[in-house]
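What follows is one structure encoded as structure tokens, with my remarks underneath.
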Ligand code: MOS
């Protein structure tokens, strides 16, 4: 799905964003959408009364996972399999003078070796050469014997220094700073002139590294001229297509398999350079080759969330009506582009005058990648921060300010109404759940217990997540009453198998345990990458479609057995019966047996009226924190999150997604930051000891609620995505709670104790 080779620098999240917008109805839709006549918002519709959908269902494969039986890419072991290792550049910029593989190839047990770079190295961690050997120790020893001669070149890893006129040029013949986004509506100068209050502040977000439980890895094996790759990936189809393109083999001769997986968060969306290396080593050695990346590799060469430095200038009338909103951002994504973060500023609030200008600055560090709601997560921290500072300047309740200004239509370029008014429900339910009335009326007003100050904050979420039309799923019914659902989607760990089983079981009148799920194979019917919060809203409707067709056939078969009209058949309690004469009835088993052979039903996720409705997802998060003003330590003590993601399929895994989004936002908001070392051009914290990640001890009491908005125009189930929506506002809600507690806004994440104490000094200086 992502149209770029990631062989060199990794996928930029901007490419991913274009995909997510195009599929889910954001501001980047073609201009013709703007010309379409906006339809009225959907009439209040009620979902059917389901037995399973919307309830909590345990994972059908939970036991497999917790007992260690589920096979991950790291677990794959093939006969004759070699271990591949990659040599990476220790230098941030250099001319590659020579690579000598001969000493490595001379080591007994080394079966293949490759050069992986020529010309210039542009970041530390870039792959240079590889070996495959009988075991890991031999491979590592051989790697150390490869002779690489580098001619060092000047480099820059600090994004602020990279902006200087005299900074080393990261890209050949191009400046380090490049425009990535520009947007405007109305006239901001006029808007500021009309305002009673203007607030202008700068918010910064750091480099947040994806740290999936399972690091990246691939196993490649050639079966004749057919390549089979086991890959820890979010997109088996795009890895297949990428491998075919780079290796110049037909896509039909490549199969990518992803059985179980320990997360990706956007860092595993496309084909990776080490996967291509594994395939080439396997070809050279004539044996399977396994390449697993280390935790250090994870920090240097497979992406991270790019940084941002966002300056907002916002004007409002005394009553809180926004009159002008201006955002200037400088992002940095290493040798790749940073994210544009303007979407929340453009679309959440109905400000008539809005202007966005964004640039990225290139540095000699590995390229950034899409990370859980790329751009929106950073932008939401800035926008929701300045909204709170504006509320204080207006002496207004920050929630009232939001409820006065939130938009019910896409403002970016279409003016098309959002498909529900779920956001207001989110505000209302969340405020109640957290006890909003307990907040300090003005930031910093609380007296607290000794050095501890408490505060409560809110932030708003907007994202895409309507799913991808054209997603396919097959249902196979067997005469022995077994049922199989087959789809080329993948489960990142979110519970995809279970939601598929729930939808199939609901529709067929069975139990989720009766359904066999087959996913994670590029030979199966097409499904999009598991990114962009599009898995459930793509796959669930396709499964529903196939299952509805299966039920139709079963009713026809039952009608023949019962000698009644098909229209007279009803399905209940594992029987097909005559509606008019309930005595005529056949058990499921008999009707399935009448099928005589396995029978396949093809399902497809249908289209949606993209020119009439903007299919976004929404949410509101509320956090309560306690800040120690002597140590600068922040503790999140209570949290309430409300999401509008349409119809929930499995409440249990949906709640898990939201808890995960909050945990990740808490961690990024308080702890996580990759720090680069100017002196070596390498990160100083490429491990889980020095790069801090929140643990179970940091997680507060969390209440997860759903707005339960149902809109059947989205798809046949009214389902929208949830993975990213739950991450967008979480750092922002916590930062706003800190502001409410201490009266000064910590305008940079992570909000380390040092930054909190520095911020408190700003307060002293002001008083
Ligand atoms: Mo993504 S950034 O894998 O949804």
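The values are calculated or read from the model by the stated rules, or taken from the named source; none is laboratory data. Please read these numbers as outputs of a predicted model, since none were measured by experiment. Note: ideal-geometry Cβ built from the backbone for every residue, glycine included; neighbour counts use all protein chains shown.
Failed condition for residue 708, given (1) over 24 Å from residue 534 (Cα atoms); (2) surrounded by fewer than 19 Cβ atoms within 10 Å (Cβ to Cβ), with all others met? Against the list (1) over 24 Å from residue 534 (Cα atoms); (2) surrounded by fewer than 19 Cβ atoms within 10 Å (Cβ to Cβ), residue 708 comes up short only on (1).
Do we find that residue 49 is over 30 Å from residue 683 (Cβ atoms), modelled with pLDDT under 95 and within 16 Å of the ligand (Cβ to nearest atom) in this structure?
Values: over 30 Å from residue 683 (Cβ atoms): yes; modelled with pLDDT under 95: yes; within 16 Å of the ligand (Cβ to nearest atom): no.
Criteria not met by residue 49.
Please find, among 727, 689, the residue that is outside any helix (DSSP H, G or I), within 16 Å of the ligand (Cβ to nearest atom) and over 22 Å from residue 444 (Cβ atoms).
On the way: 689 fails: within 16 Å of the ligand (Cβ to nearest atom).
Just a single option satisfies the conditions, and that option is 727.
Check whether at least one residue in the stretch 694-715 is outside any loop (DSSP other than H, G, I, E, B), in contact with a helix residue (DSSP H, G or I) (Cβ under 6 Å, 6 or more places away or on another chain) and within 16 Å of the ligand (Cβ to nearest atom), and report yes or no. Within the stretch 694-715, not a single residue is outside any loop (DSSP other than H, G, I, E, B), in contact with a helix residue (DSSP H, G or I) (Cβ under 6 Å, 6 or more places away or on another chain) and within 16 Å of the ligand (Cβ to nearest atom). For the stretch 254-268, the condition holds for at least one residue, the condition being that it is within 16 Å of the ligand (Cβ to nearest atom), over 20 Å from residue 685 (Cα atoms), modelled with pLDDT of 95 or more and surrounded by fewer than 21 Cβ atoms within 10 Å (Cβ to Cβ).
For the stretch 277-302, the candidate set comprises residues that are assigned to a loop (DSSP other than H, G, I, E, B) and out of contact with any strand residue (DSSP E or B) (no Cβ under 8 Å at 6 or more places or on another chain); within that set, the residue that is surrounded by the most Cβ atoms within 10 Å (Cβ to Cβ) is 302.
Please go through the stretch 488-538 and give me each residue that is more than 16 Å from the ligand (Cβ to nearest atom), closer than 20 Å to residue 257 by Cα, without any contact (Cβ under 8 Å) to a residue 60 or more places away in the chain and in a helix (DSSP H, G or I), ordered by number. Selection gives 500 alone.
Checking the structure you have, find out if any residue of the stretch 638-645 is touching a residue at least 60 places away in the same chain (Cβ under 8 Å) and more than 30 Å from residue 440 (Cα to Cα). Yes.
In the stretch 475-487, the count of residues that are crowded, with 23+ Cβ neighbours inside 10 Å, modelled with pLDDT of 95 or more and part of a loop (DSSP other than H, G, I, E, B) is one or more. Residue 234 fulfils the conditions (1) within 14 Å of the ligand (Cβ to nearest atom); (2) over 30 Å from residue 325 (Cα atoms); (3) touching a helix residue (DSSP H, G or I) at 6+ places or on another chain (Cβ under 8 Å) except for a single criterion, (3). Per this entry, residue 429 is not counted among residues that are at pLDDT 95 or above, in contact with a helix residue (DSSP H, G or I) (Cβ under 9 Å, 6 or more places away or on another chain) and assigned to a helix (DSSP H, G or I). Entry remark, the stretch 330-371: residues being farther than 28 Å from residue 405 by Cβ, away from the ligand (no atom under 16 Å from the Cβ) and assigned to a loop (DSSP other than H, G, I, E, B) number 7 in total.
Every residue in the stretch 175-203 that is part of a loop (DSSP other than H, G, I, E, B) and free of Cβ contacts under 8 Å to residues at least 12 places away in the same chain, please. The answer is 175, and nothing else.
Of 680, 695, 663, which residue is within 30 Å of residue 56 (Cα to Cα) and surrounded by fewer than 16 Cβ atoms within 10 Å (Cβ to Cβ)? Walk me through how you get there before you give the answer.
On the way: 680 fails: within 30 Å of residue 56 (Cα to Cα); 663 fails: surrounded by fewer than 16 Cβ atoms within 10 Å (Cβ to Cβ).
Matching residue, one of 680, 695, 663: 695.
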